[in-house]
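The values are calculated or read from the model by the stated rules, or taken from the named source; none is laboratory data. If you're wondering where the values come from, they're calculated on a predicted model, not measured in any experiment. All Cβ positions, even for glycine, are placed from backbone atoms using ideal geometry, and neighbour counts span all protein chains on display. Each accessible area value is taken on the protein alone, full model and side chains, heavy atoms only, with ligands, DNA and RNA left out. Shrake-Rupley method; radii C 1.70, N 1.55, O 1.52, S 1.80 Å.
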Amino acid sequence: MKRFRGSSLILALTSTTIALPSPASASPAIPVTCTGSSPIVCHADLPPGNYDVAVTLGAPDVAASTAVRAEARRMMVSEVATEAGRFAHRRFGVNVREPEGEPTKAGSGTAGLTLTFTGAAPAVRNVTVRPSRPHRPMLYLAGDSTVCDQDTFPYTGWGQAVPQHLPGMTVANYADSGESSGSFLADPLLFATMAPLLHRGDVVLLQFGHNDKQTTAEDYRANLTSLVAGVRERHARPILVSPPVRRIFGGDGKLTPVALHVNGLGVDLPAEMERVAAELDVPYINLTADSAALVEGLGPTDSQPIYLYRELKDNTHFSEYGADVIGRLVLTRLGPLLSRPADQR
């Protein structure tokens, strides 16, 4: 094991330090300490906030294959292969908060920023951490256990997978296990904590339905309306996202109404969300329909790896692979919404 300390950093396979060039106006780099070899874990003592991270992956004398995760298993950089003497440079933003995973899990994680370098043969040449530049675009996530930063493997929310596909945005995931549209509003650690952090132009994805099993149509619409209004009060941009399907097939090989989020009161939750989106002129991502097409297309057997069925007989929560698949469904719909001119959003 080798241990390094410095504002620009190094690691495991080499003792050479090479600093990344930085603009003269940049904030001073924050000291980072790294330990281990596989994985390599780097830590910076810093307060909650948003930070820009630059990493140089690879080693001078051996081939490497490295992925980067931050905080509570957030996927920041998908695995990158580098030849000996070749290096890959990546930059991304990290939202640091306490607790670092689900907002209601007091004491989870560690204070400061933790970066974990994994992969078949991880190697890191440099790590530089600075306070985030002003006005860096932010994507906030509000939802349940299928979205949240799960700290316990193999559970993985799709919100943990999307940062690796959005290097130009910082993702702040306030989703929390077990939350419904009403409980997310009621718990002071959730919407009431997230809303004051929003700024003009921030994007907020709102996904609720899995835990609205006994919510009336009227209450569901009212809760969604309150969430949208709270986001708009901060001049941020709300986007409603219907819940991904459960993997529950009927005898006809089709997903059941329960899988499609028709709740115990007979309320078609995705349809009610779409109604609210139309009434409030809010962008709507029908993740229920997109995930249903995917899961039904794969069928009962080939859809198993998306969920934790093989590991835990769980037809609701995602594997790491499945979280990435579902997250990319969201991003496919989100991209065109973000690229629209301001007067068409």
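Evaluate region 295-304: report whether one residue or more is among the polar types (S, T, N, Q) and in contact (Cβ under 8 Å) with a residue 24 or more places away in the chain.
Yes, the conditions are met somewhere in region 295-304.
For region 167-220, give me each residue that is outside any helix (DSSP H, G or I) and polar (S, T, N, Q). Working first, answer last.
Going residue by residue through region 167-220, those that are outside any helix (DSSP H, G or I) are 167-180, 187-190, 198-216.
Listed by number, the residues that qualify are Thr170, Asn173, Ser177, Ser180, Gln207, Asn211, Gln214, Thr215, Thr216.
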Handout entry: Pairs, first among the hydrophobic types (A, V, I, L, M, F, W, C) in region 257-284, second part of a helix (DSSP H, G or I), C-beta under 6 Å, six or more apart
Key = Val267/Ala217; Val276/Arg221; Val276/Leu224; Leu280/Val228; Val282/Val228
Exercise for the section: Evaluate region 211-221: report whether one residue or more is more than 28 Å from Gly168 (Cβ to Cβ) and either touching a His at 6+ places or on another chain (Cβ under 6 Å) or among the β-branched types (Val, Ile, Thr) (or both). Expected result: yes
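If a residue must be touching a residue at least 40 places away in the same chain (Cβ under 8 Å) and open to solvent by 10 Å² or more (accessible area, probe 1.4 Å), how many such residues does region 320-331 contain? Before the answer, list the steps.
Narrowing region 320-331 to residues touching a residue at least 40 places away in the same chain (Cβ under 8 Å): 320, 322-324, 326-331.
Add one more test, that the residue is open to solvent by 10 Å² or more (accessible area, probe 1.4 Å), and what stays is 320, 324, 328-329, 331.
The total comes to 5.
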Completion exercise
Among (1) open to solvent by 10 Å² or more (accessible area, probe 1.4 Å); (2) at pLDDT 95 or above, Arg345 falls short only on (2)
Practice task
Please enumerate the residues belonging to region 39-86 that are within 26 Å of Gly327 (Cβ to Cβ) and not in a strand (DSSP E or B).
Solution key: Pro39, Pro48, Glu71, Ala72, Arg73
Fill in the blank from the handout: For Val55, the lone unmet condition from (1) surrounded by fewer than 24 Cβ atoms within 10 Å (Cβ to Cβ); (2) out of contact with any Gly (no Cβ under 8 Å at 6 or more places or on another chain) is (1)
Practice task
Would you point out which residue out of Ala217, Ala186, Ala195 is loosely packed, with under 14 Cβ neighbours inside 10 Å and hydrophobic (A, V, I, L, M, F, W, C)?
Solution key: Ala186
Exercise for the section: Filter region 58-71 down to residues that are open to solvent by less than 10 Å² (accessible area, probe 1.4 Å) and either within 14 Å of Glu100 (Cα to Cα) or touching a helix residue (DSSP H, G or I) at 6+ places or on another chain (Cβ under 7 Å) (or both), then give me how many there are. Expected result: 1
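Matching residues to (1) modelled with pLDDT under 95; (2) within 13 Å of the chain's Cα centre (by Cα); (3) under 26 Å from Ala186 (Cβ atoms); (4) surrounded by fewer than 19 Cβ atoms within 10 Å (Cβ to Cβ):
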residue	(1), (2), (3), (4)
Arg90	no, no, no, yes
Gly93	no, yes, no, no
Glu98	yes, no, yes, yes
Thr110	yes, no, no, yes
Val129	no, no, no, no
Arg133	yes, no, no, yes
Met138	no, yes, yes, no
Gly157	no, yes, yes, no
